[in-house]
Amino acid sequence: MTRFLAVERALRTGAPHELLGTVRDALIEHFQATRVDLLVADYSSTVLQPVITLPHTAEPLSVRSSPEGRAFLSQEPYGKRISQDGTVDLHLPVTVRGDRLGILTLRLPEHRCTPQDVDELTGLAEVLGHEILVAERDTDLYLQARRSQRLTLAAEMQWQLLPARSCARHEYAIGGQLEPAYDIHGDNFDWATTADTLTLTVTNGMGEGIHASLLTNLAVNALRNARRAGIGIADQAALADQAVYAQHQGLQYVSTLLLFFELTTGRVQVVDAGSPQLWRQRGKVVERIDFEAQQPLGMFDETLYDAQEFQALPGDRLIFVSDGVYGAVSGTGEVFKERALARAIQNVRLLPAASVPRAVLEELRTYRDADPDDDALVVCLDWFGRDSARSH
């Protein structure tokens with residue numbers, strides 16, 4: 001534990017842009033590491049990008065076909081012995097409260113890979129993740145490392161608006177993904193939790209490019225402002241509706257699905273104000289959950305919204321999709337939601353929530369006949385429930 005505290009202290013006092021050098025020096029000193037590398041997941045979650053001095057020169061690694069990717073997908077430490085010199089390459093998930101940031105890779109003497117060592121190093125990788133999130137307030141290094149190509153301005157604005165790509169606590173786990181990752185327009189998701197509640201929103205601003213991104217930014221921040229004032233979701237929607245209408249006079253609007261979960265009971269309030277859809281997998285049954293359709297935010301002046309209710313049960317998987325997903329068309333003219341979406345949800349039933357959106361989007365990519373002309377958004381929420389979570 002003394003070694004753990006020494007490395008942790010070094011990380012907490014290191015300069016934001018020098019975290020890798022700081023953790024490398026500390027791990028060499030206290031764990032006899034001979035090599036330390038940090039890789040972060042890119043925006044599409046398909047490759048792991050090395051964190052190095054710009055301009056980038058190191059090659060990214062595939063999430064699907066590398067030892068580092070195996071540790072990233074499984075979220076478990078993975079060690080591989082290097083036969084020629086008796087050392088071990090140990091790949092450790094860098095994850096913060098379920099948000100998968102990347103992988104810390106160490107080359108260690110074999111005697112430094114005891115279960116106790118691996119536990120300590122796994123904990124230090126998590127500490128590194130926390131420090132990266134704090135450091136991003138002061139340096140662009142880690143955000144730049146995530147890019148396998150340049151983001152459009154609209155995509156830059158949308159990614160900065162997101163809370164994370166995944167999160168987890170005892171009662172639920174969430175994962176979300178936007179595509180095309182480097183050229184997204186108006187789709188977005190957001191969440192916020194308290195001790196006893198979870199608020200989740202899925203939004204789709206009309207239009208393309210910077211105009212759609214500006215519109216979505218206005219709507220999401222209006223919803224956040226109302227939520228942080230402590231009012232219910234129906235009034236959150238109404239206030240956001242007024243903000244969007246005041247700016248655009250009904251010429252532009254934002255489709256929104258707004259949900260409020262009671263963590264103690266699984267009771268959910270819903271405002272369905274537009275195109276995002278909710279699909280539920282309960283046991284072997286996959287079905288769309290329909291709600292009373294209400295007007296998108298900003299379409300008319302002073303729209304009033306009503307919240308409906310449904311019950312989430314432990315074991316439920318809730319999948320939220322934008323029209324760029326369920327409305328995609330195959331080469332034969334079949335719409336994705338007619339059969340293929342339910343099949344895709346079934347096909348990924350064994351994956352954790354954080355991996356589901358990417359897997360569904362990969363199935364969508366092979367399904368549709370042409371390059372997409374709209375954003376595609378998938379959010380997965382696995383509901384465990386409070387009583388179920390405490391029994392494990």
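The values are calculated or read from the model by the stated rules, or taken from the named source; none is laboratory data. A quick note: this is a predicted structure, and the numbers were derived from the prediction, not measured. Counting neighbours? That spans all protein chains shown, and the Cβs are built from the backbone with ideal geometry, glycine included.
Observations on the model:
- Qualifying position, being surrounded by fewer than 20 Cβ atoms within 10 Å (Cβ to Cβ), under 26 Å from the mean Cα position of the chain (by Cα), of a type in the set (K, R) and not in a loop (DSSP other than H, G, I, E, B), among R3, R64, R12, R24: R12
- Taking the listed residues T199, T194, the one that is hydroxyl-bearing (S, T, Y) and in contact with a strand residue (DSSP E or B) (Cβ under 6 Å, 6 or more places away or on another chain) is T199, with no other qualifying.
- Qualifying residue in the range 99-112 (condition: in a loop (DSSP other than H, G, I, E, B) and touching a Lys or Arg at 6+ places or on another chain (Cβ under 9 Å)): no
- Members of the range 165-190 that are out of contact with any Gly (no Cβ under 8 Å at 6 or more places or on another chain), in a loop (DSSP other than H, G, I, E, B) and more than 19 Å from R365 (Cα to Cα): H170
- Across the range 47-87, the number of residues qualifying as at pLDDT 95 or above and of a type in the set (D, E) comes to 2.
- For the range 171-195, taking the residues that are over 15 Å from the mean Cα position of the chain (by Cα) and among the charged types (D, E, K, R), the one that is farthest from P93 (Cα to Cα) is identified as D183.
- Of all residues in the range 113-131, exactly one satisfies the criterion of being among the polar types (S, T, N, Q) and either part of a strand (DSSP E or B) or touching a residue at least 24 places away in the same chain (Cβ under 8 Å) (or both), namely T122.
- Taken as a whole, the range 132-140 holds at least one residue that is in contact (Cβ under 8 Å) with a residue 12 or more places away in the chain, of a type in the set (V, I, T) and surrounded by 19 or more Cβ atoms within 10 Å (Cβ to Cβ).
- Test result for T46, loosely packed, with under 13 Cβ neighbours inside 10 Å and polar (S, T, N, Q): no
- One residue from A145, A168 being more than 14 Å from the chain's Cα centre (by Cα), crowded, with 17+ Cβ neighbours inside 10 Å and small (G, A, S): A145
- Restricting the first member to the range 373-386 and to residues that are farther than 12 Å from E179 by Cβ, and the second to residues that are hydroxyl-bearing (S, T, Y), the beta-carbon pairs closer than 7 Å and six or more apart or on different chains are L381/Y172; D382/Y172; W383/Y172; F384/Y172; R386/T264.
- Number of positions in the range 244-262 that are in contact (Cβ under 8 Å) with a residue 40 or more places away in the chain and either more than 18 Å from A192 (Cα to Cα) or surrounded by fewer than 21 Cβ atoms within 10 Å (Cβ to Cβ) (or both): 10
- Among the residues here, V360 does not qualify as under 24 Å from L218 (Cβ atoms) and surrounded by 13 or more Cβ atoms within 10 Å (Cβ to Cβ).
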